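Single-structure report; data block below.
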Amino acid sequence: MAKKIYVSPSDQGKNEYGAGNTVEEIQCEKIAVALVNALQRCGFEARTDLTADMYARVSQSNIWKPNLHVCIHTNACNGKVGGTRLFCYALGGEGHKACKAVMATLAPITPGTSDAITARPELYECRVTTAPCVYVEVDFHDVPDIALWIITHTTEIAEAIAAGICNHYGMAYTSPAPAPAPAPTEKNDGTNELIKRYIDQLIAKQKDNDCGEWSKEAREWAIANGIIQGIGNGPDGAPNYAWEAPLTREQFVTMLHRFAKMQGTAPTIRVDGIKA
């Protein structure tokens, strides 16, 4: 049977961070949600309740009977102290052992260096929960640099805590799957639209083989004498003479030259530009 972990984030909505215009409750809820996801990915049963206060969550935890009750908080002191603090009901107990496992994976990534595990039996969640309690104070949010670090690393914090819990129970930690590469986006500087219009024009020329009955005799003469040779074949395989396509000067002189050659009046020009 899978181990059960109840995650209880701070409900202290008035504890302002030293930076980031946020509060302890908001950031700890983000960590809690990410932690539940990480634990479930690693094979645990895990749950939390963001709508309940601390007292209601303790009641839920005791009814559910988890293997471990994990509190998520961030700390404050004088705006200078930093470090990870973990609390348990008593040193040497199951909660203390779990705290040591979490400290081993969480403390190395947090900015503060003053780390400690302390017995705090007077804390409500340490004292009243029937499951062993790991009370996490990630780091000190009244230090501006640390506050910004917490805000931008909630997922990493959760993953570190999950890894420690996995180690405590001898379970393999499973890393999250890498995010898929973003799909390439089209340029939006007008280049695509110009290219599209150019291609549309080329297609229009290629498929423009309509003509009127009044020009039938002239068309047949021009084809028979090689004056008009077309621009390849259409979708049906028949020659495409593009009768309604615009005529360039280059095409015009080419047709004149063909006509002159047909009449025997077109001089041959050598490579040096002298008439033969």
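Consider residue 118 carefully, then state whether it is farther than 22 Å from residue 170 by Cα, in a strand (DSSP E or B) and not hydrophobic (A, V, I, L, M, F, W, C).
yes
Only one of (1) in a helix (DSSP H, G or I); (2) touching a helix residue (DSSP H, G or I) at 6+ places or on another chain (Cβ under 9 Å) fails for residue 139. Which number is that?
(1)
Restricting attention to the range 142-154, and to residues there that are under 16 Å from residue 10 (Cα atoms) and assigned to a helix (DSSP H, G or I), which single residue is farthest from the chain's Cα centre (by Cα)?
Among residues in the range 142-154 that are under 16 Å from residue 10 (Cα atoms) and assigned to a helix (DSSP H, G or I), the one farthest from the chain's Cα centre (by Cα) is 147.
Could you tell me which of the residues 151, 157, 165 is more than 13 Å from residue 97 (Cα to Cα), touching a residue at least 24 places away in the same chain (Cβ under 8 Å) and either crowded, with 24+ Cβ neighbours inside 10 Å or not assigned by TED's automatic domain parsing to the domain that holds residue 66 (or both)?
157
For the range 121-134, how many residues meet the condition of being touching a strand residue (DSSP E or B) at 6+ places or on another chain (Cβ under 7 Å) and either part of a loop (DSSP other than H, G, I, E, B) or surrounded by 24 or more Cβ atoms within 10 Å (Cβ to Cβ) (or both)?
So the answer is 6.
Does the range 111-118 contain at least one residue that is farther than 17 Å from residue 71 by Cβ, out of contact with any Asp or Glu (no Cβ under 8 Å at 6 or more places or on another chain), surrounded by fewer than 19 Cβ atoms within 10 Å (Cβ to Cβ) and at pLDDT below 95?
Yes - at least one qualifying residue is present in the range 111-118.
Condition check ((1) touching a Leu at 6+ places or on another chain (Cβ under 6 Å); (2) surrounded by 15 or more Cβ atoms within 10 Å (Cβ to Cβ); (3) small (Gly, Ala, Ser); (4) part of a loop (DSSP other than H, G, I, E, B)) across all residues:
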{"position": "26", "(1), (2), (3), (4)": "no, yes, no, no"}
{"position": "32", "(1), (2), (3), (4)": "no, yes, yes, no"}
{"position": "37", "(1), (2), (3), (4)": "no, yes, no, no"}
{"position": "58", "(1), (2), (3), (4)": "no, yes, no, no"}
{"position": "70", "(1), (2), (3), (4)": "no, yes, no, no"}
{"position": "77", "(1), (2), (3), (4)": "no, no, no, yes"}
{"position": "83", "(1), (2), (3), (4)": "no, yes, yes, yes"}
{"position": "96", "(1), (2), (3), (4)": "no, yes, no, no"}
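Which residues, counting only those in the range 1-24, are of a type outside the set (A, V, I, L, M) and part of a strand (DSSP E or B)?
4, 6, 8, 9, 16
Okay, residues lined up against (1) under 32 Å from the mean Cα position of the chain (by Cα); (2) closer than 18 Å to residue 160 by Cβ; (3) touching a residue at least 60 places away in the same chain (Cβ under 8 Å):
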residue: 93; (1), (2), (3): no, no, no
residue: 99; (1), (2), (3): no, yes, no
residue: 103; (1), (2), (3): yes, yes, yes
residue: 106; (1), (2), (3): yes, yes, no
residue: 109; (1), (2), (3): yes, yes, no
residue: 115; (1), (2), (3): no, yes, no
residue: 119; (1), (2), (3): no, no, no
residue: 126; (1), (2), (3): no, no, no
residue: 129; (1), (2), (3): no, no, yes
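Condition check: at pLDDT below 95 and surrounded by fewer than 21 Cβ atoms within 10 Å (Cβ to Cβ). Does residue 1 satisfy that?
yes
The values are calculated or read from the model by the stated rules, or taken from the named source; none is laboratory data. Please read all numbers here as calculations on a predicted model, not as lab measurements. Counting neighbours? That spans all protein chains shown, and the Cβs are built from the backbone with ideal geometry, glycine included.
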